[in-house]
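Following: one structure in structure tokens, then a few remarks.
Computed from the coordinates by the stated procedures, all read-outs in this text should not be read as laboratory data. Please read these numbers as outputs of a predicted model, since none were measured by experiment. When we count neighbours, we look across all protein chains shown, and the Cβ atoms used for this are built from the backbone with ideal geometry, even at glycine.
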């Protein structure tokens, strides 16, 4: 009798395990599909905005403020919690103890709203990226399907959120290694043995799905630039210190401004969106239209050496990204920060005439990006994978480490962790069964 019951229990356990695996694989495939469709839609949306610019470079003075106001209204009315990058929400969800609060940030409704609203922001010319939102979407999809399938609690606590976020980065950039590193370095700040396999599996499945749809590609094209560390130490030092310092200033300014504007955002969200929209349009006009959107085209131009940009581009792109985030609309800072860093590298290149411009562009990109997000390993790994260039490993690695130290001196708080704090305010204390002392 006991052996029969044990056999039945084993069969039930085996069936449950397979159901969990199937749901997990299916949700990882959905992350890859969602990230790919999001990427394609972003390109088409930015193409539509370029058509608006072609009609008149002054049309954004009307289109951008109106669309940002519309997006801000939709966000507050139908998708509260979808604002901003999405990475802070994912980080906050990892630390939450209340399942309801976590589910509110990682629902499928929020994931759908994140995609739609980010696309509308790009249609309005906002200087935002889709990569941070893709992390949020990936984490929401994995968590929601795990919730429906009633995954074990340790999966729900951290594993699925980390796996979804990592899969989102991997599929968005076609950078599987960077996805894994990002989940460990930024989202979890630790590597847990029980979730490592979950992350790896999700990244592989989502990455394969994205490649199957789009084909193999490098995000910014292929760069053949090389730079011996022995002859580039001064360029590494400059890009690490100046790039990291400027990135730290950007983060500190954004953190402080967001906190100071929080009361105004709750009272006058549409007015702030309107003012920010006008600011983005004015900067876009002065930059000749180069500061609108993700900055992908501009960064690719500099990395591949196919063209040049005005020396004022990095500063204008920085300001446009800063204002876009303050508007309160959904959108990330990943791609715009990489584009700003590329522009800074091109500016620094005029000081080093014996070094290929493309090489300094990569150093500037890693230095500034590290300064903004303070994740040095993710920074140089993601740039290496996005450009298909392994010849710059040591210079990029050293630049990232110098930039992190400089950024921490300027901005002690990591930007995504600081931005996650308001979302943690909705968390409830964990219930305890202990009786209070009498």
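Just rank 64, 375, 354, fewest to most, by other beta-carbon atoms within 10 angstrom.
Values: 64 29, 375 23, 354 7.
In order of increasing Cβ crowding within 10 Å: 354, 375, 64.
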Practice item. Quick one: check the C-alpha center-to-center distance for region 228-295 versus region 78-154, whole angstrom. Key: 23
**Study point:** Simple spin-label estimate for residue 148 and residue 26 in nanometres, 7 Å along Cα-Cβ
**Key:** 0.7
Check your understanding: Quick one: 232, 127, 42, 312, fewest Cβ neighbours within 10 Å first, how do they rank?
Key -> 312, 232, 42, 127
Practice item. Treat each spin label as a single point 7 Å out from the Cα along the C-beta direction, and report the residue 268 to residue 73 distance in nm. Key: 1.8
Review point. In nm, what is the difference between 0.36 nm times the number of residues separating residue 99 and residue 260 and their Cα-Cα distance?
Key: 55.0 nm
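Below 8 Å, C-alpha to C-alpha, sequence gap of six or more: please give me the relative contact order for region 229-424 in percent. Before the final figure, lay out each step's value.
Details: 311 pairs, mean separation 67.5, N = 196.
Relative contact order, region 229-424: 34 percent.
Full extension from residue 54 to residue 393: what is 0.36 nm times the residue separation minus their Cα-Cα distance, to one decimal in nm? Please list the in-between numbers first.
Working: separation 339, 0.36 × 339 = 122.04 nm, distance 4.02 nm.
Length gained between residue 54 and residue 393: 118.0 nm.
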Point to revise | Modelled label reach - residue 234, point 7 Å along Cα→Cβ, region 349-372 residues with backbone N closer than 14 Å | key: 349-356
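Quote the FRET efficiency, to the nearest 0.05, computed for residue 41 versus residue 351 with a Förster distance R0 of 45 Å and r equal to the Cβ-Cβ distance. Kindly include the intermediate steps, with their values, before the conclusion.
Values: r = 40 Å, r/R0 = 0.88.
In this case the efficiency is close to 0.70.
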Study note, to complete from the structure: Ordered by fewest other Cβ atoms within 10 Å, a rough proxy for footprinting exposure, 55, 355 read 55, 355
Check your understanding: log10 I(q)/I(0), Debye, Cα-only region 229-424, no solvent, q = 0.13, 0.16 Å⁻¹?
Key -> -0.65, -0.95
Practice item. Rank-order 404-414, 113-123 by packing density, defined as the average count of other C-beta atoms within 10 Å over each peptide's residues, highest first. Key: 113-123, 404-414
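Highest mean first, what order results for 254-266, 297-309, 26-38, 136-148 on Cβ atoms within 10 Å?
Numbers: 254-266: 13.6, 297-309: 19.1, 26-38: 23.2, 136-148: 26.6.
Packing proxy ranking, top to bottom: 136-148, 26-38, 297-309, 254-266.
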